Structure formats: C-alpha cells, structure tokens
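In what follows, a structure is listed as structure tokens, so that the remarks can point back to it.
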Amino acid sequence: MQESKFNQLIDELLITIEDAIDESGEDIDYDTIAGILTLEFSDQSKIIINRQAALNQLWIAARSGGFHLDYLDDGWFCKNQDCSLQTLLDRVCSDQTKSNVHLKLD
C-alpha cells in the first residue's frame, strides 16, 4: 500500500474513533497528537493507538497487551487475535472500564 493511502486511512480511522467515543456517552477522554490517539479512562489508564507506517500497520497498546493490525480488503484486522478492529477495540475498552463498551466504528 502506498504511504499516502495508508496515512489517509489512519487519519480517517482516528477521526472515526473519536466520533464513536463522543457518540457512545462513555467516560473516555481522548487526545490526538502527531497522529497518535490516546484514550484515557476514569482510572487514569490509557490505550494508545498509532500508526506504524514502515509496516503498514495500526498498533494498539492497552492494559491487556499490544496488538498489531493489518489492513485487509474489508478493514483493519488483528491476525494473532483473529478479530476485527471493532471487536478488539470494544474488548480492550471494556477491559479498561470494567464495563461493556461498544464503539460504533461503521
């Protein structure tokens, strides 16, 4: 994938995640600086979402671990967890909040 296309996909995704947080009503603060999206929860724990352009991957660092996602034909997918970004992000946010979180990324 060309770097410009990759960066466009990531930029659009970060905005989508921010919008999903706003629409969810969850107590999750977020900040995007230099293309890195940081989610902060009420217990001050964080999830970091950033791009790894050299590998064409999206990386997520959460309390439950680090995850690398590749862009496949139908979206971002975490091979070692065998799940989509939607499933992974809901799971790690739920782990951080200790409640059921669903962020609508579609």
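Residue-by-condition table, conditions (1) among the charged types (D, E, K, R); (2) farther than 21 Å from Gln2 by Cβ; (3) crowded, with 16+ Cβ neighbours inside 10 Å; (4) modelled with pLDDT of 95 or more:
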residue	(1), (2), (3), (4)
Gly35	no, no, no, no
Leu39	no, yes, yes, yes
Asn50	no, no, yes, yes
Gln57	no, no, yes, yes
Ile60	no, yes, yes, yes
Asp73	yes, no, no, no
Leu85	no, no, yes, yes
Lys98	yes, yes, no, no
Asp106	yes, yes, no, no
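Put simply, of Glu3, Glu18, Glu26 the only residue that is among the acidic types (Asp, Glu), closer than 17 Å to Leu105 by Cβ and modelled with pLDDT under 95 is Glu26. If the requirement is being part of a helix (DSSP H, G or I), surrounded by fewer than 18 Cβ atoms within 10 Å (Cβ to Cβ) and more than 11 Å from the chain's Cα centre (by Cα), which of these qualifies: Asp31, Asp22? Result: Asp22 is the single residue among Asp31, Asp22 that is part of a helix (DSSP H, G or I), surrounded by fewer than 18 Cβ atoms within 10 Å (Cβ to Cβ) and more than 11 Å from the chain's Cα centre (by Cα). Checked against (1) outside any strand (DSSP E or B); (2) surrounded by fewer than 19 Cβ atoms within 10 Å (Cβ to Cβ), Leu13 passes all but condition (2). Once the stretch 68-91 is narrowed to residues that are touching a residue at least 24 places away in the same chain (Cβ under 8 Å) and part of a strand (DSSP E or B), the residue that is farthest from Leu37 (Cα to Cα) is Tyr71.
The values are calculated or read from the model by the stated rules, or taken from the named source; none is laboratory data. Please read these numbers as outputs of a predicted model, since none were measured by experiment. We place every Cβ from the backbone using ideal geometry, glycine too, and count neighbours over all the protein chains shown.
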